[in-house]
1. Of everything in the range 112-132, what is of a type in the set (A, V, I, L, M), assigned to a loop (DSSP other than H, G, I, E, B) and more than 16 Å from ligand 2 (Cβ to nearest atom)? Give them in sequence order.
2. Looking at (1) more than 12 Å from ligand 2 (Cβ to nearest atom); (2) in a helix (DSSP H, G or I); (3) surrounded by 17 or more Cβ atoms within 10 Å (Cβ to Cβ), find the lone condition where Thr207 falls short.
3. State all residues of the range 244-278 that are outside any loop (DSSP other than H, G, I, E, B) and of a type in the set (D, E, K, R); if no residue qualifies, say none.
4. Failed condition for Glu186, given (1) of a type outside the set (A, V, I, L, M); (2) within 16 Å of ligand 1 (Cβ to nearest atom); (3) assigned to a helix (DSSP H, G or I); (4) in contact (Cβ under 8 Å) with a residue 24 or more places away in the chain, with all others met?
5. Does Glu45 satisfy the criteria of being without any contact (Cβ under 8 Å) to a residue 12 or more places away in the chain, away from ligand 2 (no atom under 16 Å from the Cβ), charged (D, E, K, R) and surrounded by fewer than 24 Cβ atoms within 10 Å (Cβ to Cβ)?
6. From the list Ser85, Ser69, Ser35, exactly one residue is assigned by the TED database to the domain that holds Gly177, closer than 14 Å to Gly8 by Cα, within 15 Å of ligand 1 (Cβ to nearest atom) and out of contact with any helix residue (DSSP H, G or I) (no Cβ under 7 Å at 6 or more places or on another chain). Which is it?
Amino acid sequence: MVKICCIGAGYVGGPTMAIIAYKCPDIEVVVVDISLPRIAAWNSEQLPIYEPGLDGVVKQCRGKNLFFSTDVEKHVCEADIVFVSVNTPTKTRGLGAGKAADLTYWESAARMIADVSKSSKIVVEKSTVPVKTAEAIEKILTHNSKGIKFQILSNPEFLAEGTAIQDLLNPDRVLIGGRETPEGQEAIKALKDVYAHWVPEEQILTTNLWSAELSKLAANAFLAQRISSVNAMSALCEATGADVTQVAYAVGKDSRIGPKFLNASVGFGGSCFQKDILNLVYICECNGLPEVAEYWKQVIRINDYQKNRFVNRMVSSMFNTISNKKIAILGFAFKKDTGDTRETPAIDVCKGLLGDKARLSIYDPQVTEDQIQRDLSMKKFDWDHPLHLQPMSPTTVKQVAVVWDAYEATKDAHGLCILTEWDEFKTLDYKRIYDNMQKPAFVFDGRNVVNGDELRNIGFIVYSIGKPLDAWLKDMPAVA
Ligand code: NAD
Ligand code: UDX
């Protein structure tokens, strides 16, 4: 029986290994992590991450050919294939701080593999890493001086949160990069055989190591660029009376462009896009390509602009002051169908509103109060460095209430803003909400989930990203 061990039981390691175990009953899969609470949760009824369809898959395989353990060294030692799916955050200090990937976690995993291995192994980069990381990892592994052979493969993961199980079951492609040597090709074949249990052969792409590593950064940069493009258009739509939904639909009908990933929003979030683009920017700079670096940097700048623009619009609409006003925040996760808040635009929007002294009442169906308070009191880029967690700031705690109901959040509020596109926000009783709010009552829809005209008929003043502005909003001072 082939034995797989995955280091890192996070959003990628957990679901990916669950699907491998589910589709390959002849393979034993053990997911290991240094975090005791995380492994305990994977072994419990309440999994550590919320992902539609994940519970069923885990329950079907756990204890049969899928195991979760903190005994990292034992399972690495016994494995034929070791996936490394640890976090690769943005560096917060030192050379390349704020841009470069911090490979501390990766390097320590590689050193541990070198130390504990007693037999040859295939080591698979599952984490998103800078191009050429495999070269450094190879050096760490091959200098173990024990004569053990390691083959490094790059097998980046393209799943999106909220749809991870579907993405893993029906991937657009699986990408495997390896050395162009006979041993490298043999390793590629061994990993291909795993995926071939359920992925059609023509969808398993094989490349050299550097192409596979770079393709992952490139794919995320392209996806994020589409969102920044449509968000840039949303600002122009508001200035001209065009409707961004109509523009995006018309543009996306061009088969060369396609309809996906053209939803204007308050800004993209999530653990990947910003981190991976910053990483790409850093690599370009290090390779003497400042123009290319500048080009990709602009994708992040527009994203920051979009979040600032949203906050400025809220403040200017509400008579230029939100001091001590109650604002209801509907949605805190970075997208629907996940409880993940990493780099969610809600953090920047809430911090902006708190900076203007608003009182916030926040509701998200999947995010806990602890998580929200932690996010709002943490420094930028610290979220992915568990050891650097900042203590909560008492000011933030006082101005923020977290509630478990949209009606409670909006009661007596001056304005409500929608920051995550949860389906339930489309069908709320907005008449009831309006009746219980201060007047004039404002809706700021950062995800274009509500029907603006229906809400206007109820009496709300409505701002929707990239849509023609209400007379009220037009009369307010221009926003930056
Ligand atoms: P995560 O933070 O959820 O999980 C990483 C896990 O690795 C943590 O549980 C941590 O405790 C563990 N870990 C760190 N160092 C370890 C060590 N030395 N030994 C054992 N365990 C260790 O991160 P994630 O979201 O799963 O992302 C992992 C990687 O995959 C990142 O490089 C990310 O860029 C990439 N990625 C993420 C997504 C996504 O949607 N989240 C998608 C594609 C790729
Ligand atoms: C992304 C990539 O899609 C995935 O392939 C990669 O493996 C990891 O990074 P993820 O971050 O989980 O996945 O979610 P995604 O669906 O890409 O959304 C990212 C952000 O962009 C979210 O905040 C989402 O709301 C936003 N978004 C997405 C938009 O604002 N508009 C869109 O049209 C699409």
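The values are calculated or read from the model by the stated rules, or taken from the named source; none is laboratory data. These numbers come from a predicted model, not from an experiment. Here Cβ is always computed from backbone atoms with ideal geometry, including for glycine, and neighbour counts include all displayed protein chains.
1. Taking the range 112-132 first, the residues of a type in the set (A, V, I, L, M) are 112-114, 116, 122-124, 129, 131.
Next cut, assigned to a loop (DSSP other than H, G, I, E, B) only: 129, 131.
Answer for the range 112-132, where residues must be of a type in the set (A, V, I, L, M), assigned to a loop (DSSP other than H, G, I, E, B) and more than 16 Å from ligand 2 (Cβ to nearest atom): just Val131.
2. Checking Thr207 against (1) more than 12 Å from ligand 2 (Cβ to nearest atom); (2) in a helix (DSSP H, G or I); (3) surrounded by 17 or more Cβ atoms within 10 Å (Cβ to Cβ), the one that fails is (2).
3. At the first step, the residues of the range 244-278 found to be outside any loop (DSSP other than H, G, I, E, B) are 244-252, 273-278.
Within the range 244-278, Lys275, Asp276 meet the criteria.
4. Of the numbered conditions (1) of a type outside the set (A, V, I, L, M); (2) within 16 Å of ligand 1 (Cβ to nearest atom); (3) assigned to a helix (DSSP H, G or I); (4) in contact (Cβ under 8 Å) with a residue 24 or more places away in the chain, the odd one out for Glu186 is (2).
5. Working: without any contact (Cβ under 8 Å) to a residue 12 or more places away in the chain: yes; away from ligand 2 (no atom under 16 Å from the Cβ): yes; charged (D, E, K, R): yes; surrounded by fewer than 24 Cβ atoms within 10 Å (Cβ to Cβ): yes.
Spelling it out, Glu45 is indeed without any contact (Cβ under 8 Å) to a residue 12 or more places away in the chain, away from ligand 2 (no atom under 16 Å from the Cβ), charged (D, E, K, R) and surrounded by fewer than 24 Cβ atoms within 10 Å (Cβ to Cβ).
6. Details: Ser85 fails: out of contact with any helix residue (DSSP H, G or I) (no Cβ under 7 Å at 6 or more places or on another chain); Ser69 fails: out of contact with any helix residue (DSSP H, G or I) (no Cβ under 7 Å at 6 or more places or on another chain).
Criteria check complete, one pass: Ser35.
For every residue, the table says whether it meets (1) more than 24 Å from Phe158 (Cα to Cα); (2) buried (at least 19 other Cβ atoms within 10 Å of the Cβ); (3) at pLDDT 95 or above.
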| site | (1), (2), (3) |
| --- | --- |
| Cys6 | no, yes, yes |
| Thr16 | no, yes, yes |
| Lys23 | no, no, yes |
| Val30 | no, yes, yes |
| Leu54 | no, no, yes |
| Val57 | no, yes, yes |
| Thr90 | no, yes, no |
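Conditions (1) within 15 Å of ligand 1 (Cβ to nearest atom); (2) among the polar types (S, T, N, Q); (3) outside the structural domain of Thr90 (by the TED database), marked per residue:
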residue: Ala212; (1), (2), (3): yes, no, yes
residue: Ser228; (1), (2), (3): no, yes, yes
residue: Ile257; (1), (2), (3): no, no, yes
residue: Lys260; (1), (2), (3): no, no, yes
residue: Leu278; (1), (2), (3): yes, no, yes
residue: Ile283; (1), (2), (3): yes, no, yes
residue: Pro290; (1), (2), (3): no, no, yes
